[in-house]
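Quick note: the coordinates plus some simple rules give every number you see, no bench work behind them. Computed from a predicted model, the values in this text were never measured in an experiment. Please note: Cβ atoms are built from the backbone with ideal geometry, for glycine as well, and neighbour counts cover all protein chains shown.
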Amino acid sequence: MATITSIYKGDLRTEMTHDQSGTTILADAPVDNHGKGQAFSPTDLVAAALGGCMLTIMGIAANRHGFDITGTRVETSKVMTSDPRRIGEIAIDFHFPHDYDDKTRRIIELAARGCPVARSLSPEVLQTLRFHYGK
C-alpha cells in the first residue's frame, strides 16, 4: 500500500511526499479558486493520474501482447463545474507514434478504459478519450 504524507505549507500550498520513494509534489489552489496556480492543483493531479494510469495499463497490455507504445504522448484537459465545484469532465487525447491493426487498437483502448483510476472516479465525471494512431 502506498503511503503519502501531506503537509500544508500555507498560502494554499500543499507538499505531498510519496513515503517509499521520497518523491515530492507541490499542489497549489488554482487561480479560479483563490490560489496562485503556481503548481498542479489537486484536481489537476486527478486528471494527470487518470492519463498516467491509462498509459501504465496500456504499457502492461503492450508488454503482454508483444507490441510497443514507447513515445506515446498524452494531452489531458479537465473541465470544472460549479454547484458543487467538482471535476465535470476529463478529456484525454492519446497520440501514438505508430499505427496499429484493429486487434491491437482494441487491446489498447480496452486497457485504457480498464485502469484503476478510471474505475475509481464517479460516473458523474465524464471521461472523453480520443485515440490518434500514427504520426
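So, counting K/R as plus one and D/E as minus one, what does the shell of residues with Cβ under 15 Å around HIS65 add up to?
It works out to a net charge of 0.
For the chain, set up a Gaussian network in which alpha carbons nearer than 10 Å are linked by springs, and say which option among LYS36, LYS103, LYS78 fluctuates the most.
LYS103
Taking the chain as a Gaussian network, where each spring joins two C-alpha atoms under 10 Å apart, which residue of ASP83, ASP44, ASP99 fluctuates the most?
So, out of ASP83, ASP44, ASP99, the one fluctuating most is ASP83.
ARG86 to ASP102: extension gain in nm, 0.36 nm per residue of separation minus the Cα-Cα distance?
Length gained between ARG86 and ASP102: 2.2 nm.
For LYS135, list the aspartates and glutamates whose Cα falls under 20 Å from its own Cα; do not include residues on the same chain fewer than 8 positions away.
Answer for LYS135, where 20 Å is the Cα cut-off: ASP68, GLU75, ASP93, ASP99, ASP101, ASP102, GLU109, listed by chain and number.
List the lysines whose Cα lies under 26 Å from the Cα of LYS9, skipping any in the same chain that are fewer than 8 positions away.
Within the straight-line limit of under 26 Å, LYS9 reaches these lysines: LYS36, LYS78.
Using the Cα centre as the reference, give the magnitude of the dipole from point charges on the C-beta atoms of the chain (Lys, Arg: +1; Asp, Glu: -1; all else neutral), rounded to the nearest 20 debye.
Here the size comes out at about 220 debye.
Relative contact order for segment 20-135: what is it in percent, counting Cα pairs under 8 Å that are at least 6 residues apart?
This gives 25 percent for segment 20-135.
Subtract the Cα-Cα distance of SER120 and THR24 from 0.36 nm times their separation in residues, and report this length gain in nm to one decimal.
32.2 nm
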